[in-house]
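Worksheet: the structure to be examined is printed underneath.
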Amino acid sequence: MSTPTGATTGRWPMLALISLGFVALTLNWFDVAAAFPLIGEEFGVGIGQLTLLISLFIIGYGLAHVPGGLLATAMGMKRTLVLGLVVQGVAGVLSGLSYSYTALAVFRTLSGIGGSIFIAVAFAAVIVWFRQGPVTLALGLSGGAAFSAGAAFALYVWIYLQHATGWHLSLVIAGVFELVVALATAIWFHTPAGLPALAGTRFEGPALRAAVASRDLWIYGIALMGGYGAYFTASQVFTEYATQERQFPASLAGLLSALIALAGIPGSVVGGLLADRSRNLRAIVVGSLVVSAVFLVLIPFVPTGALWVLGIGLGASVIFGFAAWSAVPARVSRIKHEYIGTATGLMLTLAGVGGFFVPIAFGHIVPAAGFTTGWVALAGISLVCGLVGVFGRNPARPAIETTPAPAADVAEAL
């Protein structure tokens, strides 16, 4: 069966533009973590309050996923993408202009809200452009590879920028970069021909209910809670751990944190390619979370040199499964295109619960019981939540097949 021209023309340039948005998102997310030593020194705060900054970002990030999806349905995909980028970009600039811990905390929450609005709709944008093609690979390249590249850039390159310019100016620069990406998106992004509802439409009660009531969205969302929180905690505090507990120089510790993020690039590509050719998304998602839990529990017990292997393995394994996970609304639950942003938002909100509580828990455990207990706790939470995924369903067919799924399979998926 041939693919309609409207479904393919221009989809790779659109993927590149959306991916640039993911880079801006994670640059403005993780650049604060790279500045933790400088922020701690300036404001006189310790690891508990620094990890709270991670959780405050996740509060905003979790709150606006579903509203962001609803906004996309009502006002259109393009406007919502631009809105999310602008809000986070402005919050990044204001974070850099913060001269108190309280102000920084407020703007980190606002940054999370902007990122939340963008990301759920960005996943939906990728899905509608690649709905008749390698959709999971495309999701892996944008939400995995580009996401990881932005995080790695923030965790390593931004360290040198912060030492050269100060952490305040470095955050302002990151915010301005995202505003430039927002302008590019406003100029060049468009939705595929033949899908007018993506420019904004009225809510349809049954379709909206389906977008939030699918059991698989809830199961897979809960499954990622622990791993989501553990991944972001590990990637953002690994520099502190490596310097304090393993006597790494600051530059090497920053490189190690960056490699956790960079490992997601090959992980996302391989995971996306495999998931596109497989019906067993469940095994990919759950397997990646189990493997990441093993890497986490080994961190405090291995020789210092082995931390490089564990860090790279952790980053690769989590993002390997994330590509398959992000395809659940389209491939498993079969949500209508204009409601995919809301469905993805629901899953990200559920995962964001872990993203909020896990860093807080880690920040309390470490001062009281040490890093070893903290890493073991992260592994346990990741494993327990990840195993919930065994109750999720698989898609009716691989994504790269061109023959329609049998009607019975589609009905079952719904």
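Just so it is clear, none of the values below were taken in a lab; they were calculated from the coordinates. This one's a predicted model, so the numbers in the text were calculated from it and none came from an experiment. Quick reminder, even Gly has a Cβ in these numbers, built from the backbone with ideal geometry, and neighbours come from all protein chains shown.
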**Prompt:** Between L298, L70, L273, which gets the highest mean-square fluctuation from a Gaussian network model of the chain, Cα cutoff 10 Å?
**Reply:** L298
**Request:** Select from T342, T239, T304 the residue whose mean-square fluctuation is largest in a Gaussian network model of the chain (Cα-Cα springs shorter than 10 Å).
**Result:** T304
**Message:** Please check: in the Gaussian network model of the chain (C-alpha springs, under 10 Å), which one of F391, F177, F322 has the largest mean-square fluctuation.
**Reply:** F391
**Fill in**
Nearest 10, in degrees from 0 to 90: the angle of helix 47-63 to the longest Cα principal axis of the chain is 20 degrees
**Helix-derived mean residue ellipticity, 222 nm - over the chain, DSSP H n ≥ 4, -39500 (n - 2.57), to 500** = -24500 deg cm²/dmol
**Prompt:** Which of rounded, prolate, oblate describes segment 92-157, given a ≥ b ≥ c as roots of the alpha-carbon gyration tensor eigenvalues and a/c under 1.5 marking rounded, otherwise prolate only if a/b is larger than b/c?
**Reply:** oblate
**Complete:** Nearest 10, in degrees from 0 to 90: the angle of helix 65-75 to the longest Cα principal axis of the chain is 40 degrees
**Complete:** So V309 and A283, fully extended at 0.36 nm per residue minus their Cα-Cα distance, gain in nm 7.0 nm
**Complete:** The extension gain from L252 to T102, computed as 0.36 nm times the residue separation minus the Cα-Cα distance, is 51.0 nm
**Item:** Inter-label distance, nm, simple model (7 Å from Cα along the C-beta direction), H364/A193
**Value:** 5.7 nm
**Prompt:** Distance from the Cα centre of segment 308-379 to that of segment 68-101, in angstrom?
**Reply:** 22 Å
**Request:** For segment 13-413, evaluate the Debye formula with one uniform point scatterer on each Cα (no solvent term) and list log10 I(q)/I(0) at q = 0.08, 0.09, 0.12, 0.13 Å⁻¹, rounded to two decimals.
**Result:** -0.37, -0.47, -0.85, -1.00
**Asked** In degrees between 0 and 90, to the nearest 10, how far off the longest principal axis of the chain does helix 264-276 point, with axes built from Cα atoms?
**Response** 20 degrees
